[in-house]
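Accompanying notes for the structure given below.
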Amino acid sequence: MIKSGFKKISLKEIIFQIVLNVIVFVFFAFDRRHPEIELFKIYFYLNYAIPALIINYVLLPKYLYKGKHIGFILYSLVLIGIIIFIEEAVLEQIYYPDTRGRKFLGIFHNLMGTMPTLTVLVGFKFAWDALTNRKKMEELKSSAKESELQFLKSQINPHFLFNNLNNLYAYAVEQSPKTPEIILELSAVLRYMLYDCKADFVSLENEIKQIKSYISLSELQIEDRGKVTFKTNNISNTKCIAPLILIVFIENAFKHSSSSQSDKIEIDIVLEELENGTLKFKCKNTYRNQSNIISLDGGIGLENVQKRLELLYPNAHDLKIETIDNECFLVDLTIDLNKTTSK
């Protein structure tokens with residue numbers, strides 16, 4: 001970067017300006033009647049190029065981009081007047097004393113000769129700035145999106161840890177022989193969350209392994225009070241998915257089913273990959289009374305996963321959460337995984 005009094009100018013922009021000015025000069029100085037380019041035309045071209053640089057790197061950032069349009073117009077008109085004066089009163093008197101230098105052809109005629117070159121030089125700079133600013137805005141949006149995703153992901157780990165430590169504590173107080181098994185399963189789950197989930201996307205195969213570990217851990221809460229089924233169909237090992245997207249719904253099902261104190265708990269989970277690369281996920285769980293579903297669509301978990309879906313899969317997912325006959329709670333989610341295949 002080269003830092004001027006007004007802004008930083010990148011090496012890429014300097015090269016762009018050099019190439020642009022060389023091309024414009026060739027068109028400016030070339031004459032079909034005299035194919036060779038006369039060196040003195042460099043002075044005529046500099047009479048346009050220097051004011052164009054002033055407009056590009058002083059007037060544009062200092063006035064136009066700050067909304068000071070009147071100042072920009074006034075100073076630009078002054079520069080155009082200086083261009084016309086130098087060309088008529090100096091350059092033409094030196095190099096064309098017997099032709100163009102003999103009389104002043106008028107403001108309109110001079111503007112017709114001045115504006116095309118000046119407009120090209122300034123127009124390309126304006127376009128460069130517009131594209132650069134657009135790229136910066138996209139980078140800022142991407143950065144903001146990434147920051148929000150990292151924040152949402154950081155909320156998940158304490159959320160799961162808190163719930164499972166409560167379960168572990170309950171078994172430890174009862175001195176249950178299942179406590180070592182819970183610790184091992186919990187260790188596997190936390191290892192995945194702390195290390196494997198740092199990436200934006202993980203393989204669908206690894207995510208399913210994590211889901212199975214979590215189900216094994218959560219089944220200990222239900223014991224003999226119900227049945228849990230987990231089925232997968234046509235799952236490929238080439239697709240990727242955002243980590244911990246599906247497991248939030250599964251955790252929600254276990255939490256509210258086990259808290260109902262019912263002895264007829266049923267949790268059915270189906271994961272299927274369709275031929276078009278769409279992932280179908282369904283999670284259905286029973287509940288005992290209305291009070292248990294009041295908070296089903298709230299809390300950190302579901303709010304978090306809904307925001308992540310909106311950020312990661314905009315216009316590429318469909319989430320439906322509903323109750324069936326006041327007996328079952330159903331989550332129906334479809335995600336287009338094609339965008340993450342190459343991750």
**Message:** Let me see the P(r) profile for region 188-231: every Cα-Cα distance counted, bins of 10 Å, each bin given as a percent of all pairs.
**Reply:** 24, 47, 23, 5
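For L53 and F16 in one chain, what is 0.36 nm times their gap in residues minus the Cα-Cα distance, to one decimal in nm? Intermediate values should be presented prior to the final figure.
Values: separation 37, 0.36 × 37 = 13.32 nm, distance 1.30 nm.
Value of the extension gain: 12.0 nm.
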**Message:** A 22 angstrom limit on the alpha carbon distance is what I want to check against. Which of K239/K280; K8/K135; K62/K125; K209/K264 exceed it?
**Reply:** K209/K264
**Asked** Taking region 50-141, how much of its Cα-Cα pair set, in percent, is spaced more than 24 angstrom apart?
**Response** 35 percent
**Asked** Do any trypsin sites (Lys or Arg not before Pro) in region 177-206 lie in a DSSP loop with no more than 14 other beta carbon atoms within 10 Å, and if so, which?
**Response** K178
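Under the Kirkwood approximation for Rh and a Cα-based Rg, what ratio Rg/Rh is obtained for region 6-84?
Numbers: Rg = 15.0 Å, Rh = 14.3 Å.
Over the Cα atoms of region 6-84, Rg/Rh equals 1.05.
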**Prompt:** Which loop chymotrypsin sites (Phe, Trp or Tyr not before Pro) in region 51-124, with loop taken from DSSP, have no more than 14 other Cβ atoms within 10 angstrom of their Cβ?
**Reply:** F104
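Since every read-out is calculated from the coordinates, none of them should be taken as a lab result. Keep in mind that this is a model prediction, so the values were computed, not measured. Quick reminder, even Gly has a Cβ in these numbers, built from the backbone with ideal geometry, and neighbours come from all protein chains shown.
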